[in-house]
1. Mind checking the dipole of segment 4-82: about its Cα centre, +1 per Lys or Arg Cβ, -1 per Asp or Glu Cβ, Debye to the nearest 20?
2. Once label points are set 7 Å from the Cα along Cα→Cβ at both residue 64 and residue 80, what is their separation, rounded to one decimal in nm?
3. What length, rounded to one decimal in nm, is gained on full extension from residue 28 through to residue 3, with 0.36 nm per residue of separation minus their alpha-carbon distance?
4. Can you list the aspartates and glutamates whose alpha carbon sits under 14 Å from that of residue 80, skipping same-chain ones fewer than 8 residues off?
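Read-outs: derived from the displayed coordinates by stated rules, not from any lab. It should be emphasised that the depicted structure is a prediction, and the values quoted were computed from it without experimental measurement. A quick note on method: Cβ atoms are made from the backbone with ideal geometry, for glycine too, and the neighbour counts reach across all protein chains shown.
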Amino acid sequence: MGRIAVIADRDTATLFKLAGVEASMVVDSPEEAERALRSLMEKDFSVIILTRQLVQPIQQTIAKLTRDKKYPVVIVIPGKGEPMEREVISIHEYLRRSLGVELKTKGV
């Protein structure tokens, strides 16, 4: 575990490869992204990063592929030319999605 992969356009994938991401797959369409994701799901990756424009058309497929699995965690990022929106999900939400449990905390 601990391995990271990225599925993205050429520029985004290249940046991740330069940053040390082991598997950077360049795709040009959501269909190619789906094939790449299916391939990576069979390997030992902890995190798979995809760009938003590739994810939107295949969201249902991603949900089916990851529904009953703890790993890999699929992370969606803005791709080349996409606005950087502030998408904040709390650690509680990540734990709920990943582990299927809700963390209860006392007032701070």
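1. On the way: 11 positive and 11 negative charges, 50 e Å.
Around 240 debye, computed over segment 4-82.
2. 3.0 nm
3. Length gained, residue 28 through residue 3: 6.7 nm.
4. Correct list for residue 80: 9, 11, 28.
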